[in-house]
1. Take the alpha carbon atoms of chain A, find their radius of gyration, then divide it by 2.2 N^0.38 Å using N residues; give the quotient.
2. Taking each full run of DSSP H in chain C as one helix, which ones are at least 20 Å long along their axis (Cα atoms) and have mean Kyte-Doolittle hydropathy of at least -1.0?
3. Suppose each label sits 7 Å from its Cα in the direction of the beta carbon; what would the A:Ser181-A:Trp168 distance come out to in nanometres?
4. Could you state the number of Å between the C-alpha centres of segment C:77-99 and segment D:1-50?
5. Compute the distribution of all C-alpha to C-alpha distances in segment C:83-281, in bins of 5 Å from 0, and list the percent of pairs in each, rounded to whole numbers.
6. Cα centroids of segment B:118-192 and segment D:209-280: how far apart, whole angstrom?
7. Looking at chain B, identify the longest residue range that excludes and avoids all GluC sites (Glu not before Pro) in DSSP loops having at most 10 other Cβ atoms within 10 Å.
8. In terms of modelled amide H atoms, which long-range or inter-chain residues lie less than 5 Å from the amide H of D:Val63?
Amino acid sequence: MARGLGRYIIIRGLMIIPMILILYTIVFFFLRILPGNPILAVVGTKNIPPEQLKHLEHLAGLDKPLYVQYFDYLWKMLHGNLGVTLASPMGKPVSSYIALRLPATVELTIFAFTVSVLLGIATGVLGAVKRGTSVDTGMRVYSIVAYTLFIPWFGMMLQYLFGVKLHWLPTSGRINPTITSFHSITGLYVIDAIIERNWAALGSVLKHLVLPSITLGTVLSGAYTRLVRNNMVDVLSQDFIRAYRARGVPERKVLWYALKNAFIPVVTLMGLQFAILLGGAVLTETTFNWPGMGTFIMDRINYRDYNSIEGAVIVFALFVGLISLTVDVIYALLDPRVEY
Amino acid sequence: MSEPLLKVENLKKYFPVKRGIIEALRKVPVRYVRAVDGISFEIKRGEVLGLIGESGCGKTTAGRTVLRLIEPTAGRIVFDGTDITALSREELRPFRRRMQIIFQDPYSSLSPRMKIGDAIAHPLLVHGLAEKDEAKEIALKMLRRVGLTPEEEFYDRYPHHLSGGQRQRVVIARAMVLKPEFVVADEAVSMIDVSMRASILELLESFREEYNMSQLFITHDIAVGKLIADRIAVMYLGKIVEIGPTEEVLKNPAHPYTRALIQAVPSIARRKREKKLRITGEVPNAVNIPSGCRFHPRCPLADELCREREPELVEVEKNHFVACHHPLR
Amino acid sequence: MRLIDYIINPLRERKPGRGLLLFGISVVLTVIIMAIFAPWISPYNPTQIGADVFAPPSSKHLMGTNNLGQDVFSRIIWGSRIILYVVAIATTLSILVGVPLGLLSGYRGGKVDRALSMIMDSIYSFPSLILAIVIAVVLGPSPVNTAIAIAFVYVPTYFRMVRGQTLSLKNQLFVEAARAIGVKDWETMRKYILPNVLPTVLVVFTLSVADAILTEAGLSFLGLSVTPPTPDWGYDLRVGQPFLLDGYWWLAFFPGIMIMLLAMGFAMIGEAINERLSLGTR
Amino acid sequence: MLLEVKNLSVYYYTLSGVVRGAEGISFSVREGEWITFVGESGSGKSTVAHAVMNLVPSPGRIVSGEVLFNGRNLLKLPGEELRKIRGKEMTMIFQDPMTSLDPLRTVGDQMVEAMTVHGVEEAEAKRKAKELLERVNLPGDRFNYYPHQLSGGQRQRVSIAIAMAFRPKLLIADEPTTALDVIVQDSIMDILNGMKEEGTSIYFVTHDISLAVERSDRIAVMYAGKLVEVGTVDQIVENPLHPYTKALIEAVPDLWKEGKVRAIPGYPPDLRSPPSGCRFHLRCPYAEAGLCNIEEPEFREVEKGHFVACHFPGVWRK
C-alpha cells in the first residue's frame, strides 16, 4: 500500500511537468514573441546608445534566436535560476526577490484557505441539514453573494469598519513596523514568531492576518457552501444512509458518514479553488499592501520587468502544480475506490 | 432452403483493459476483456433469435457488434449476402436503413431536446427517403401505428412528457419508420412495467409480420424469450453454450447452465419448482476466463476433461446444438 | 425545449428559484438600460472636473462627488458601458472558440483531444486573474485588449464543460441510435449533441459572465484596463481607496456595489437555470 | 400481531405538485410469516415499506396513520427509542446493492458498527461478523473488503448478513433481487427463506408477482398508491378478486404457461391528480360508469383473510 502510494505520488508529480511547460510556453509566447522589445519598453525611449541597448539585450538574453531563448531559459529554470531583473534595480536575480515575497503569499493563502473551507463546510452542512427551510435559502444566497463579492471592495469595507471606525485591526502590512525585535527566518511570520517565542510579534502578525484572510477566505467560501450543500443533500438521499438509519446507527454518526462522503468531491474543488485563491491574493495584497507575490508582480509591471513577471508566473505554476498533486494524494487516501 | 438474412461467423470483441502509465512503460502486455469470444449463428428472414444470458455474458456487446456499432475484433458478419465486416462507414450507410436497434433504456434512447415527431422523421431525411413535409406525414402515421394518439399532439411533445412505456413506443417507431429487414432488440422490455410489457411485445410482433422482419432479441429473461423467439441461443462468458428451437431448448436443455437458468426462473404456473441441479457462485470476470469449459468452476458435473478442453458446439438433436462434454439427456 | 424557455418557464411558474431569477434579470436589465441611455440619464458630464470636491451624497449629487469634483453617480452610469462592452466581447470570443473546440475534441477523441485537453487544463488550473494580468500588460491598456485577455482565460471553462458534456452524451443511447440510423458525424454533433449541451452552456455562460465582470473589475482596479479619465467602476474604486480611509466612503462604496450587483445578477440567473436543469427535464 | 399498519398515507411534496404516493393503507404482518407486496413502479409499494421503518425519503412525508410494531406506534416514538428498535428488532435491506453500503468503509467496519451501536462488544461483534459472512456464503476474508471490490450479489449478501445480526423479528426487503441475475436471485431468496425459518417475519417488496408465489405466505397487491387486494398465495393466484390482480397475473410472461400474455390497456395514472372513484377504473374492463368512476371502493374482507377493494370482486366468474 505504502509503495503503491509512493508510486502514485511520483506519477502524479510527473504529470505536473507538461502543465508547467505549457504555461511556460504560453507566457513565453506572450512576453517574448509578441512584438515589442521589452528592453525598449523598460527604458521607455529609443534614444539610447546602440551599444548600451546591445548590452542590455545581452544581459536579458534577447539577442539570441527565439528557440535558443526558449530552451536557455527553460534550462536555467530547471536549475532554479529565473534570470535577472530587467529594471531598477537591474541585474539582480529574480529568484532572490521571489524567495522574499513568496512566503508572505503562502502565509496569506493558507490562512484564507482555512477560513474558506471552514466557513464553506459550516454553511453548506447547515443548508443541507435544514434543507428546504429558510435557513437553506439563506445559505444559498450567502453562497452567491460570497462568490460575487469583489475582493478590493469587501477588503476596503472591512478596513473602513475595523480599521478606520473601530480601530480594532491594522489595515495594511504584515507586522507592526515598530516591533524591531523580530527577525524573519522562514518568511512565514507566524512560524518565525513562534520559533523566536516573540509573543508580541506573533500577536501583531496574527492581527495583520485577520482582515486579509477573512476577505479572501469569505469570497472563496461561497463555492464550498454550494458544493458541500448539494453533495450533502445528494448523499443524504442515498440508500446507504437510509441503511445506516435502518440499522439503528445514531443520527450524529450518520451525519458524520454523510459528511465524509460529501467531502470527497470537495477535495477536488480545493485544487481549483486554490488557483482562484492565488488570483484573489493579488487583489487582496494590493488592497492590504501585503508584501507578497501579487504586489511583487504589480510592482514589476510598473517597470515592465518581463523577466520578473515570467519568473513569478513560473513559480505560481509550480505552486498550483504542487497543490493539485497534494489534492490528488489526499483524494486517493480518502477514497478507497481510487486505485494506485 | 433459402440463404439466411444474417450470418455471423466466429465473431469476437475484445476490449483492452486500461493500463497505468507504469504498466505501459514496463511493457506489461495489454489484457483483454473477452466480451464476445467467438460466436456464430444465422438468422433467417422473418425469424426471431432470442439471445439469452446473465449480465456480463456479452449479449449486449454481441448485438452491437453485429450492427457494427462496435467494431468487431475478429469474425465475419454477412448481411443478405454482403460481407459487411470490412465496409467503410460510408459504404455501411445504406445497410443502416435495413438494420436497426431498439435499446433497453427508453429514457436515454431519445434526445431530451428533440421533439418525438422529429426523432421519428429524422431517419427518413437522413436516408433521403422523404422530403420534410412527407417525412412529417409518415412520422404522424407511425405515431398512430404505435398507439400514440392523438398523433398531432404527440408529434410536438418532448420525451420528458412521456412515460417509459410511451417512450419505448417512440423508440420502436423511430426504428420501424425505415422498414428494416433486421432489428436487434436489446432488452427492449426489461425496463417496462409488467402491465405494459406484453403490449410492447405485441407491437414488435406486428411489425415483424408486416415487414417479414428478422430479430435478434437480446434478453436476460427466458420467459420473455420463450414468448417471442423462434430459436434460442444461451450465452455464457462470451460464448454460445446452447442454441436450438425455443420449445426444444426449454423442454430439453442440454447444457447444465441452461437448465440451471431455467430452474431459477420463478413462475406462477409452476409454484413449487424441482431443483435438481444446484449451481453456485457467480459469473467470473471476463478478463480471467477459466480454462477448458468456461462453466466448469460452477458446474456440478465438471470433471478433468471439462477443466482441460473447451467443448465445441455439437448437434444433439436436429438443429439443437450444445457446447458441453456431458450434455444432459 | 427552446433555450429561452429555460429562462421564461421558471419565471412563469411559482417555484423556488423564481426570486433569484427575478432579481438577477432586473439587475442585469437595469445596468443594460443604464449603459444604453447613459447620455440621457446621467445628470452631469462624468469627466467634468468641478470645484465641489468630496461632496457627500445629497439630492444634488446622489452619490456625492470625488476628489476631482466629478459626480460619482454620473461616473457610475457611464462606467456601466465599459464593463458591459468588455465582458460582452470577452464572453463572445471565448464561447466562439471554446464551444466548438470542446464539441469536436469530445466527440472525436484521440490524440488531438488529449493534447488539447492538457493545454486547456493547464490554463484552467492556473490562476486566471494572474494570467489575464500578464496578457493585459503585454497587450497594453485598452478595453479591447482587456477583453482579449479575459476571453483567453475563459476559453478553457467553455471547452472543458462542453467536452465533458459531449463525452457523457456520446455514451447516451440516443447518440448510438443516431449512429444506428446512419446519421453523419457532423450532423450528430449538430442535431443530437449540441442542443443538449446548450442549456449547460447557458448556465456556464451566466456564471462565467459573473466571473468575467469581477476579472474585468480586478484588471481595471489594478490599473490595467482603461486610462483615466474614462469612467470605469474598477478604476474608480481604486482611486477611491485612499480617501475611504479618510472617511470619504462614497468614492469607493458605490463603484464596488455596482460591480457586485452586476456579477450577482448574472450569478443568480445562472443559479436559477441550473436548478431548473438539475431538477431534470422530467 | 407483530406489525399493524392503520390507515397510512404518504405524500411527496415535489416542486411539480403533491404526489399521493400511498393512501389509506391498512394491513398487518404476523409473527414468522412471509408477506410480499406486489406492484408496478409508482404503485407505492416501496413507499409503504419505507414508512413502516419511518424512513420515508424527502420530500415525502407520512401525513396520517399508525405503524404499530409490537403494539408501539413507531411514528410517535422518540428518536432514541426508535433507534434501539431499528437494526435489532426490525431492519431493512434495499434494492440497489451498489448504493446500499457506504463506499468509504470496509464491509467489516459496517458490520461491526451495526452490532456495537446496540451494545455488543467490539471483539464479539468482529467474531460474529465473520460468522455471519459465512452464513450468507461469503468467505470470511471479505470482512476487510471495500464494497466496490464486491459484485452486486455479494454486496446484497453483506446487507443481509448485517440484517441477520440480531435475528430481527421483522425484515423489510425492498426489491432486494431486482438488480441481480436469476441464479443469484434464487440464492438470495433461499437465504431469506432461511431467516424466515428461524422466526423472522419477511416483508418482501417486488414488482414481479411470479417471485412472490413460491415462498410467500401472503400477497398484498398495490396499484396507484392503494392497497387493492390482500390474501394468501392460494387466494391471490387461484382466486384473484380484483380485476387488476387478475390482469397482472395474465400479463406476466411465464415459462411454464402456454399461450400468450395479455397486456393491461392504458397507463398507470399520475398520482398528482389520481382519478376519482376506483383508481383502476380507467383501465378496468369491468368498470361500471356512475359507480366505479365516482365512488371509491371500500377495502373489505370478502372471504376469510381475503381483502379486496373493488365494487365487483371476481365479477368475471359470474
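1. Values: Rg = 23.8 Å, N = 340, 2.2 N^0.38 = 20.2 Å.
After normalising by residue count via 2.2 N^0.38 Å, the value is 1.18.
2. Numbers: long enough: C:18-36 (27 Å, 2.39); C:72-108 (53 Å, 1.42); C:110-125 (22 Å, 0.19); C:143-170 (39 Å, 0.62); C:194-221 (38 Å, 1.48); C:250-278 (41 Å, 1.27).
Answer set is C:18-36, C:72-108, C:110-125, C:143-170, C:194-221, C:250-278.
3. Going by the 7 Å Cα→Cβ label model, 2.8 nm.
4. Taking the Cα centre of segment C:77-99 as reference, the centre of segment D:1-50 is 55 Å away.
5. 1, 8, 14, 16, 16, 14, 11, 8, 5, 4, 2, 1, 1, 0, 0
6. 30 Å
7. Numbers: sites that count: B:Glu274, B:Glu312.
It works out to B:1-273.
8. D:Ser9, D:Val10, D:Tyr11
The values are calculated or read from the model by the stated rules, or taken from the named source; none is laboratory data. For clarity, every value in this text was computed on a predicted model and none was experimentally measured. No Cβ is skipped: glycine too gets one built from the backbone with ideal geometry, and neighbour counts run over all protein chains shown. These area figures cover heavy atoms from the full protein model, side chains too; ligands, DNA and RNA do not enter into them. Shrake-Rupley method; radii C 1.70, N 1.55, O 1.52, S 1.80 Å.
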